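What follows draws every value from the coordinates through simple rules; no lab data is involved. What you see is a predicted model, and the numbers here were worked out from it, not measured in a lab. Every residue, glycine among them, receives a Cβ derived from its backbone with ideal geometry; neighbour counts consider all protein chains shown.
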Amino acid sequence: MSDFKILGISGSIRKGSFNTMSLRAAQEVAPAGVTVEICDISDLPMYNDDIRAAGYPASVQRMRAQVAAADAVLFATPEYNYAVSAPLKNAFDWISRPPDQPLANKAVGIMSASGGPLGGVRAQYALRHMLVATNSYAVNNPQVVIGGAPQKFDESGKFNDPMGRDLIKQLLEAMVKLAKQLRAPVA
């Protein structure tokens, strides 16, 4: 693997976000030749098709360009009311619009972290449904679900669960493999 770029998008915009910390853990365990860049979605306006029709705002253009330039996208989603968070849904709505929808035919990884025991698994399920609209390809396994997140990150934000760190690394490796399969010429 060399020069493979994964864009990480956290569905939480709060400072102490376990999902953003999970993306930082992905940066730490990324295989050789793989970089994980974290996209900031905190400055995106709420999706409004009138705004889109007038021209994508600069923050949206930046995010869409980051998605387009990435070889794969890694979503880290909190779970709010059995679904993805409003910030992530908003970012997804901006990403999914034409022209040149940048998630089309792209490999995607999903992970989640929450304080509860289910770790955001229902939000992952909702996100998988959303990916159908963008014709994206989600890695099915391994599933990275971090339940009881407050006990798995130290005071500096480091993810201290060895099995979880290994699963994140496996997810990144699976994303690379899927992205390469999607790019391979059809015989």
Out of (i) 1.31; (ii) 1.25; (iii) 0.98, which label holds the value of Cα Rg over 2.2 N^0.38 Å that was computed here?
-> (iii)
Neighbour-count ranking for THR77, THR134 (other C-beta within 10 angstrom, fewest to most) reads THR134, THR77
Which pairs in the list LYS5/LYS180; LYS158/LYS180; LYS15/LYS89; LYS106/LYS177; LYS152/LYS177 are over 22 Å apart, alpha-carbon to alpha-carbon?
-> LYS158/LYS180; LYS152/LYS177
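Using only alpha carbons, build the gyration tensor for region 47-155 and give me the equivalent ellipsoid semi-axes, biggest first, whole Å. Walk me through the numbers before you get to the answer.
On the way: eigenvalues 141, 46, 32 Å².
Whole-Å semi-axes of the equivalent ellipsoid: 27, 15, 13.
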Over region 1-73, what is the relative contact order in whole percent, taking alpha-carbon pairs under 8 Å and six or more residues apart?
-> 43
Taking neighbour counts of Cβ atoms within 10 Å as a proxy for exposure, in what order, fewest first, do LYS152, LYS106, LYS89, LYS5 appear?
-> LYS5, LYS89, LYS152, LYS106
Mean Cα-pair separation over length for region 4-183, i.e. relative contact order, pairs under 8 Å, 6 or more apart, % | 26
Simple label model, 7 Å out from Cα along Cβ direction - ALA54 to ASN105, nm | 3.4
Return the distance in nm (one decimal) between the two label points of a simple spin-label model at TYR125 and ALA65, each offset 7 Å from Cα along Cα→Cβ.
-> 3.9
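When the dipole is taken about the Cα centre of the chain, and only Lys, Arg (+1) and Asp, Glu (-1) are charged at their Cβ, what size is it in debye, to the nearest 20?
Working: 19 positive and 16 negative charges, 48 e Å.
Charge dipole of the chain: 220 debye, to the nearest 20.
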If you find the alpha carbon centre of region 101-116 and of region 12-77, how far apart are they in angstrom?
-> 10
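Give the order of SER42, SER85 when sorted by the count of other beta carbons within 10 angstrom, beginning with the fewest. It would help to have the intermediate numbers written out before the result.
Values: SER42 11, SER85 22.
By the 10 Å Cβ count, ascending: SER42, SER85.
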